[in-house]
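Contents: one structure, followed by commentary.
Bear in mind these aren't lab numbers, they're just calculated from the coordinates by the rules spelled out. This one's a predicted model, so the numbers in the text were calculated from it and none came from an experiment. With ideal geometry, Cβ positions are generated from the backbone for all residues, glycine too; neighbour counts draw on all protein chains shown.
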Amino acid sequence: MATVLSVSGSPSASSRTGRLLRHLDQRLTAQGHEVIPLDVRTIPAEALLGADFRHPAIIEATELFDRADGVVVGTPVYKASYSGVLKALLDLLPQYALTGKTVLPLATGGSVAHVLAIDYALRPVLNSMGAAHIVQGWFTLDRDITVREDGTLALAPAAAEALGPVVDQFSAALTGRTPVLAAAG
């Protein structure tokens, strides 16, 4: 199957966005994909903010993007856009780092007022980086993501029901299959 780079653009270690991505990673792994997680917050700030293209962490991140067949990009929404830490990384990648790749944009936020951030802020950047196919993105409200005491993630039933087909569509696009989507009832 495909190699998927799962990028969390959250600056927080306890991020709902990061936890949601790791949850979705499990679904993709169960579908036979190799998933490589990348938490942008773990890249040294001096490399990101100093635009140090030769820093080993930036070189490694660039190689991970190069190796991937598909990329899941998740971000919390701040001020109607994706996170600054994600922007810093995307700015340091080669101009066409997503050429030939299938991309799934995801966002989380506290209000439905931010739902268009995927299409008006994130998607144009991903497109400019040469993505071959950007599948339908998805926005999940923070209140629909709960972290249990044992650290596992629980999604509100409606959020889980909506997000499953989005991830399955991405998975199918990676392998050239046509996804079978359930009819809305």
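Some values worked out for this structure:
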{"quantity": "Sequence ranges 68-80, 5-17, ranked by mean other-Cβ count within 10 angstrom, highest first", "calculated": "68-80, 5-17"}
{"quantity": "Over segment 117-168 - Rg/Rh using Cα atoms and the Kirkwood inverse-distance radius", "calculated": "1.08"}
{"quantity": "Computed helical MRE - 222 nm, the chain, DSSP H runs ≥ 4 contributing -39500 (n - 2.57), nearest 500", "calculated": "-11000 deg cm²/dmol"}
{"quantity": "Charge-dipole axis of segment 9-136 as Lys and Arg at +1 and Asp and Glu at -1 on Cβ define it, positive-most pick from 56, 10, 36", "calculated": "10"}
{"quantity": "Top of 97, 131, 30 by mean-square fluctuation, Gaussian network on the chain, Cα under 10 Å", "calculated": "30"}
{"quantity": "Sorted peptide list for 153-161, 103-111, criterion being average Cβ within 10 angstrom, highest first", "calculated": "103-111, 153-161"}
{"quantity": "Alpha-carbon centroids, segment 5-66 and segment 115-163: separation in whole Å", "calculated": "15"}
{"quantity": "Label point at residue 91 placed 7 Å out along Cα→Cβ; residues across segment 14-54 whose backbone nitrogen lies under 18 Å", "calculated": "40-54"}
{"quantity": "Under the span-like rule (Cα at least 18 Å along the axis, Kyte-Doolittle mean at least -1.0), DSSP H helices of the chain", "calculated": "16-30, 157-175"}
{"quantity": "Relative contact order %, the chain, counting alpha carbon pairs below 8 Å whose residues are six or more apart", "calculated": "22"}
{"quantity": "Pairs of Cα atoms farther than 26 Å apart, the chain, %", "calculated": "25"}
{"quantity": "Inter-label distance, nm, simple model (7 Å from Cα along the C-beta direction), residue 120/residue 62", "calculated": "3.4"}
{"quantity": "Modelled FRET efficiency - R0 35 Å, residue 54 with residue 1, Cβ distances, 0.05 increments", "calculated": "0.60"}
{"quantity": "Candidates 19, 41, 143: whichever shows maximal mean-square fluctuation once the chain is modelled as a Gaussian network with Cα springs under 10 Å", "calculated": "143"}
